[in-house]
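Undergrad: Just dropping this structure here.
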Amino acid sequence: MPRILDGAAIAAAIKQEVAEEVKRLGAQGIRPGLAAVLVGHVPASEIYVRSKVQTCAELGLYSDLITPEDTITTEEMLELVMGLNDRDDVDGILIQLPLPKQVDAKALLDQVDPAKDVDGFHPVNAGRLLAGRPALAPCTPAGVIEILKRSEIPIAGAHAVVLGRSDIVGKPVAMLLLHQNATVTICHSKTRDLPAVTREADILVAAIGRAGFVTPEMVKPGATVIDVGINRIATREEFERFFKGDAKREAAFEKRGSTLVGDVHPQAYAMAGAYTPVPGGVGPLTIVMLMANTVRAAKMRRGL
Ligand code: GUN
């Protein structure tokens with residue numbers, strides 16, 4: 001039976017460490033603060049941001065939730081961000097994506113002070129990460145590394161295959177794995193004979209955003225599989241494709257009308273030596289790494 005890498009337990013341990021650091025900073029009169037910008041009413045974004053703000057409160061961070069209407073213009077958003085850059089009580093700025101289509105997201109993310117860029121999306125932080133300099137790294141990739149390290153999965157010398165080349169997950173996680181001395185391959189939609197490449201992976205990171213894309217024949221027996229995907233499925237047909245015969249899932253699906261599946265087909269987990277489940281794997285790390293980045297930004301800004 002493969003080992004299940006419990007993201008919730010790892011996140012809880014990091015939360016405790018962050019809370020202790022926040023307490024130490026508090027004794028020096030410093031309270032790290034996060035400004036969360038949630039534009040409009042995208043249901044998934046509302047859930048994520050609420051959870052981020054709630055975690056701030058739990059760990060003793062200050063937070064300010066800013067909720068512009070979805071009619072906001074790029075210029076108004078730029079002004080908002082410049083205001084946050086100037087505020088001394090704000091150490092981290094989070095602009096929840098996606099943004100309405102009239103807003104130029106790239107222009108906006110470029111405007112965030114790199115010192116407050118707790119999502120690690122600014123090109124300056126991407127460049128620092130590439131150059132191996134101290135940087136605020138994107139939260140999900142940072143969480144992947146924490147899971148591997150705290151689960152004592154060897155990274156140095158391992159062949160890590162990253163499935164997906166997004167700026168938010170694929171590219172930065174590949175860079176972080178390289179910094180940990182993995183041999184890294186990045187795959188994407190144009191990769192030839194993908195299963196042959198992924199089957200070489202000691203560590204397989206799936207981050208392509210396609211439900212159950214990784215099938216059993218794509219996994220080397222005993223590999224560590226990190227499933228970054230969070231895909232909601234709501235039809236009976238999809239449910240049967242992924243979870244046929246799973247009574248516990250079925251009950252949950254019946255109750256809620258939907259369930260979550262990763263980028264890895266549940267049958268492919270069975271090939272692994274260890275894997276992160278969905279939900280309860282990488283997901284819980286993302287928010288806690290945002291908190292860790294905010295505390296780090298607060299310290300760096302004060303030269304600590
Ligand atoms: N939307 C989905 N994931 C993320 C994230 O990690 N950060 C931000 N800002 N928006 C997101």
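The values are calculated or read from the model by the stated rules, or taken from the named source; none is laboratory data. Since we're looking at a predicted model, the values are computed, not measured. Please note: Cβ atoms are built from the backbone with ideal geometry, for glycine as well, and neighbour counts cover all protein chains shown. All accessible areas refer to the heavy atoms of the entire protein, side chains included, with ligands and DNA or RNA removed. Shrake-Rupley method; radii C 1.70, N 1.55, O 1.52, S 1.80 Å.
Undergrad: Using alpha carbons only, how many degrees (0 to 90, rounded to 10) separate the axis of helix 283-301 from the longest principal axis of the chain?
TA: 30 degrees
Undergrad: Next question. Can you give the translational diffusion coefficient of segment 63-127 in µm²/s, computed by Stokes-Einstein from the Kirkwood radius over Cα pairs at 20 °C and 1.002 mPa s?
TA: Estimated diffusion coefficient is 177 µm²/s.
Undergrad: Grab every C-alpha pair in the chain, bin the distances at 20 angstrom width from 0 up to the longest one, and report whole percents.
TA: The calculated distribution, bin by bin, is 32, 58, 10.
Undergrad: Could you tell me which residue out of 234, 223, 280 lies farthest along the dipole of segment 220-302 toward its positive end? Charges go on the beta carbon: Lys and Arg +1, Asp and Glu -1, centred on the Cα centre.
TA: The listed residue farthest towards the positive side: 280.
Undergrad: So, one more: On the Cα set of segment 24-90, report Rg and Dmax in Å, please.
TA: 13.6, 42
Undergrad: How far apart, in nm, are two points set 7 Å out from the Cα along the Cα-to-Cβ line at residue 1 and at residue 191?
TA: 3.0 nm
Undergrad: Measure nothing but the geometry: give the 0 to 90° angle between the long axis through the Cα atoms of 74-86 and the longest principal axis through the Cα atoms of the chain, rounded to 10°.
TA: Between helix and principal axis, roughly 70 degrees.
Undergrad: For segment 198-251, what number results from the quotient of the Cα radius of gyration and 2.2 N^0.38 Å?
TA: 1.27
Undergrad: Another question, then. Between residue 200 and residue 45, how high is the FRET efficiency from 1/(1 + (r/R0)^6) when r is the Cβ-Cβ distance and R₀ = 41 Å? Nearest 0.05.
TA: 0.65
Undergrad: Quick check: at a probe of 1.4 Å, how many percent of the accessible area of segment 1-49 sits on carbon and sulfur atoms?
TA: Here carbon and sulfur together make up 60 percent of the probe-accessible area.
Undergrad: How large is the dipole of segment 159-236 about the Cα centre if only Lys and Arg carry +1 and Asp and Glu carry -1, each at its Cβ, rounded to the nearest 20 debye?
TA: With Lys and Arg at +1 and Asp and Glu at -1, about 280 debye.
Undergrad: Carbon and sulfur together cover what percent of the accessible area of segment 80-186 at a 1.4 Å probe radius?
TA: 54 percent
Undergrad: For the charge dipole of segment 148-192, defined by +1 on Lys and Arg C-beta atoms and -1 on Asp and Glu C-beta atoms about the Cα centroid, which residue among 160, 177, 191 has the Cα displaced farthest towards the positive pole?
TA: It is 191, whose Cα lies furthest towards the positive end.
Undergrad: Let me ask you something else. Enter the angle in degrees (range 0 to 90, nearest 10) between the Cα long axis of helix 43-59 and the first principal axis of the Cα atoms of the chain, meaning the one along which they spread out most.
TA: Roughly 70 degrees between the two axes.
Undergrad: Whole number in Å², please: accessible area per residue of the chain, 1.4 Å probe, ligands, DNA and RNA not counted.
TA: Computed with neighbouring chains in place, this is 48 Å² per residue.
Undergrad: Are there trypsin sites (Lys or Arg not before Pro) in segment 193-290 that DSSP puts in a loop and that have at most 16 other Cβ atoms within 10 Å, and which ones?
TA: Those that pass, being in a loop and sparsely packed, are 210, 244.
Undergrad: Which residue, chosen from 114, 261, 29, occupies the Cα position most advanced towards the positive end of the dipole of the chain, where the dipole is computed from +1 (Lys, Arg) and -1 (Asp, Glu) charges on Cβ about the Cα centre?
TA: Looking along the dipole axis, the top candidate is 261.
Undergrad: Nothing charged except the Cβ atoms of Lys and Arg (+1) and of Asp and Glu (-1): what's the magnitude of the dipole of the chain about its Cα centre? Round to the nearest 20 debye.
TA: In debye, rounded to 20, the chain gives about 760.
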